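Below: one structure, written as structure tokens.
The values are calculated or read from the model by the stated rules, or taken from the named source; none is laboratory data. As the structure is a computational prediction, the values presented were derived from the model and not from experiment. Cβ coordinates were reconstructed from backbone atoms using ideal geometry, including for glycine residues, and neighbour counts include every protein chain displayed.
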Amino acid sequence: MKISRKQLIAGLSGLLLIQIVLIAFFYFFSFQNIKLRQINKQLISGLKKGSIVSFEIKDYMDSFSLVKKDSVWFVKIGENFIPANQTKVNNYINDIESLNQGVVVYNGLDQSSDNHFGFDEKNRQELIVTNNKNKQYLLTIGNSGSKRGTSYIKNGSEKKIREVKSSLATETSNQPINWAKRNIFVNILDTDVKTCEINSTTSWFSGNYNILAKEKSDNAETGSKDAFELETPLSRILEDYALQNIVKNLLNIQISEYKLNGSVSGRTKVASIKITLKNGKTSTLDFYNADTDDVGNFIIDADFDDYLYLIHEDDLKKIIKTNEELMKKE
């Protein structure tokens, strides 16, 4: 079959068109891959989380730092060091290391744009990261981004506002207590407790009681659901798990704040709680009325560290309960 000149030209034109389309697709996807690689490129080049020894968080009012000492993180407030929440800090520096270039959403200096993205004076926060070679890196953090799990940031002295895949905007709290270790007891379960002695002269309960861990066989005999019992029983049956809940609430107590100024010297003790573990270890918490300007109603002085803690009355009432609260309602 003889192919006409017209058919040949049409066929070649079709092949050429296919080639053009394929080349266009190739360049489009190549460009997209280059763009994606640029977005995913590390923002702070060369920064390794293991080299970070401190970071400072600043806003328009004040600042504080987190400092690593002997592989342990501390919150530094003025000249005071308090234990940090190690898990929170380690997760945070993981985020810093993994920050990518993100997408540039604005490039320039404009007050209305700064306001929109959270870089105005009252909203922005500065994060100054220092490594073990005393090199510092500056990030300015604005609002959460337009997509879930993203943040607006500026890197160093750049004018560019980037939207990066990170929760840095919500995780960068300017409240030191949010970075601190807030649990007094760590890795102790109610099943580890042998006795819990409570002495109180608080306004809602004046007296004492001793909570004892029961043998498993005791529950089978009495039908009680509670793993604990009172050394001196009350006149009525106790609420289910009343004593066990007291022990759990004590072990899980979270402080409201650290008391950095002042002492308990000369103060009147209003309560004391001593727990003895089944391994023989003991811990005692003494409670004192807090000052009027403290963030809490009571000061806690523990016999196993050098810190003073503050808690609110509602939290202490979950541990020190009246006899009526312990007993089943008739």
- Taking the range 152-206, which residues are assigned to a strand (DSSP E or B), within 19 Å of Asp315 (Cα to Cα), touching a residue at least 40 places away in the same chain (Cβ under 8 Å) and not acidic (Asp, Glu)? Ala180, Asn183, Cys196, Ile198, Asn199, Ser200, Thr201
- Out of Glu215, Glu257, Glu229, Glu239, report the one residue that is among the acidic types (Asp, Glu) and over 24 Å from Asp192 (Cβ atoms). Glu257
- Note on the structure: Per the filter on the range 157-177, residues closer than 25 Å to Phe74 by Cα and touching a strand residue (DSSP E or B) at 6+ places or on another chain (Cβ under 7 Å) are Ser166, Ser167, Leu168, Ala169, Thr170, Thr172, Asn174, Pro176, Ile177
- Message: Would you confirm, using the coordinates I've provided, whether Asp240 is at pLDDT below 95 and surrounded by 15 or more Cβ atoms within 10 Å (Cβ to Cβ)?
- Response: no
- Note on the structure: Considering the range 100-124, residues that are at pLDDT 90 or above and hydrophobic (A, V, I, L, M, F, W, C), and then whichever is nearest to Gly145 (Cα to Cα), we arrive at Phe117
- Take the residues of the range 125-149 that are within 20 Å of the chain's Cα centre (by Cα) and modelled with pLDDT under 95: which is farthest from Gly50 (Cα to Cα)? Arg148
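Condition check ((1) surrounded by fewer than 15 Cβ atoms within 10 Å (Cβ to Cβ); (2) touching a residue at least 60 places away in the same chain (Cβ under 8 Å); (3) more than 18 Å from the chain's Cα centre (by Cα)) across all residues:
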residue: Ser71; (1), (2), (3): yes, no, yes
residue: Ile77; (1), (2), (3): no, yes, no
residue: Asn85; (1), (2), (3): no, yes, no
residue: Asp95; (1), (2), (3): no, yes, no
residue: Asn100; (1), (2), (3): no, yes, yes
residue: Asp110; (1), (2), (3): yes, no, yes
- Query: Here are some residues: Asp301, Asp286, Asp306, Asp314. Which one is at negative phi and part of a loop (DSSP other than H, G, I, E, B)?
  - Reply: Asp306
- Given the conditions (1) among the small types (Gly, Ala, Ser); (2) at pLDDT below 95; (3) part of a strand (DSSP E or B), and given that Ala271 satisfies all but one, which numbered condition is not satisfied? (2)
